[in-house]
Structures are given as structure tokens and as C-alpha cells.
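Here's the structure we're looking at; comments come further down.
The values are calculated or read from the model by the stated rules, or taken from the named source; none is laboratory data. This structure is a prediction, so every number in the text was calculated from the model and none was measured. Counting neighbours? That spans all protein chains shown, and the Cβs are built from the backbone with ideal geometry, glycine included. For the accessible areas, the whole protein counts, side chains as well, though only heavy atoms, and no ligand, DNA or RNA atoms are used. Shrake-Rupley method; radii C 1.70, N 1.55, O 1.52, S 1.80 Å.
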Amino acid sequence: MNELVVYRWRCPYCTDGDMGPAEGRCYHCHGVGLTNDVGGWDESELTPAPLPPGVMRRACVDCAFRSGSPELEATGAQLPIDAPFWCHHGMTTGYGGSYQAPGYYRPEGTKRDIPIGELVCAGWWALKTGRPLPAEEFREPGRRATDTSAPTRAGEPLLDDPSASAPPVVHSAVSAQAIAVTDVDENPHDEEP
């Protein structure tokens, strides 16, 4: 089986795959508790599936799925939309600055390696689950988000301006449903002010 399955919703018919003592295992979600089959339900009545532990909590400042990223500027030529996309933060670099994970696994019959222990990109996960993509523009780590003079704390320039945000941009590879988001969780690889 070489099929990618990403569940978007908690099952609206059961609680964690259980229909209760009278019914037992949920037949709608096959006892998984998560589903993509939510026909007839309004999105306001649904609960999104939780973010798995193997996905970055927040899109990095240089996430490939931010508007203005080199990957999106190449009209998505480097973005694997139908296969998992791993975050490059924490990977070692190889020849030509390519990112290399310490270990890989390639299931029989597949063409791509799966990096062992690496986290899935938060931007890719948002795209696959219909959640909004990062609203703020791509920027290289260590560069300021605005062109204003840098405020200082004990003589050190601050890299992020929390009040600065760019208008959302919709790209051809991105559905109109996935437009603006404010990052909620902390990402250990983002720079701190």
C-alpha cells in the first residue's frame, strides 16, 4: 500500500472509535476515531483531528509553504504535495547545502526515502488537512520581519516584530480555503526575540 492517508476530522459519530456499551466499536470510522468521511456535517459541527507528535507545532520563519519562499516562487516545482514533506530544521547539511537526515528508511517499491526521526513540515500538514497556511511572508532566519530599525534589548537586536504581518497570498498550488493563519504553538527552531 503506497497510499498517503491524512485524517482531517475526529469522527462525529463516536468518542475515540467507541459508540458506547450498547454499540461498541464505531462502524463509521472503523474504531479509529478519525475520519475524512464527514458528508452531511457542517464544518462548524466538526472537530479537527489533533496535530500528531511527528508534525512541527508551528511553521518556521523560512517554511517552504510561506508566501515568498523559494520553493513557492518556483511554482511548487520542489514541493512534494502528494508525499510527506519534512522540516529541514535540525538536519545536517551535505554537499551544496542539501539537508541530510542521520538515517533513512525506504519501504520496498517506493521511490522516496523516509527520514527517520525528522518532523513533518507544519506548512505541508496545514495544506493536506485544509488548515490555513502561514500568513507571514517567508524570510531567512536571522533577518528582521520589517525594514524598521531594530529595537534592542541589552544591546542585542530583536529579530521578530510581533506586530508585523504580511497580507495573505494564495498560490496556485494552494486552495482558497487555506489562506491566513496566526501561528499558535511554539516552534523550538524559530528564533526568539
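Please work out if Thr110 is modelled with pLDDT under 80 and either under 16 Å from the mean Cα position of the chain (by Cα) or on the phi < 0 side of the Ramachandran plot (or both). Criteria met by Thr110. The numbered conditions (1) more than 25 Å from Leu133 (Cα to Cα); (2) small (Gly, Ala, Ser); (3) out of contact with any strand residue (DSSP E or B) (no Cβ under 9 Å at 6 or more places or on another chain) are all true for Ala59 except (1). Taken over segment 107-118, the criterion of being open to solvent by 60 Å² or more (accessible area, probe 1.4 Å) and out of contact with any strand residue (DSSP E or B) (no Cβ under 7 Å at 6 or more places or on another chain) is satisfied by Glu108, Gly109, Lys111, Arg112, Gly117. So in segment 20-69, with the set limited to residues that are among the polar types (S, T, N, Q) and either outside any loop (DSSP other than H, G, I, E, B) or in contact with a helix residue (DSSP H, G or I) (Cβ under 7 Å, 6 or more places away or on another chain) (or both), which one is nearest to Leu4 (Cα to Cα)? Step by step, filter segment 20-69, then rank; the result is Thr35. In the set (1) in a loop (DSSP other than H, G, I, E, B); (2) open to solvent by less than 90 Å² (accessible area, probe 1.4 Å), Leu72 fails one condition alone, (1).
Within segment 75-106, being open to solvent by 40 Å² or more (accessible area, probe 1.4 Å) and among the aliphatic types (A, V, I, L, M) holds for Ala77, Ile81. Considering segment 1-51 alone, what residues qualify as being aliphatic (A, V, I, L, M) and either open to solvent by 60 Å² or more (accessible area, probe 1.4 Å) or within 27 Å of Ile114 (Cα to Cα) (or both)? Passing the criteria: Met1, Leu4, Val5, Val6, Met19, Ala22, Val32, Leu34, Ala49, Leu51.
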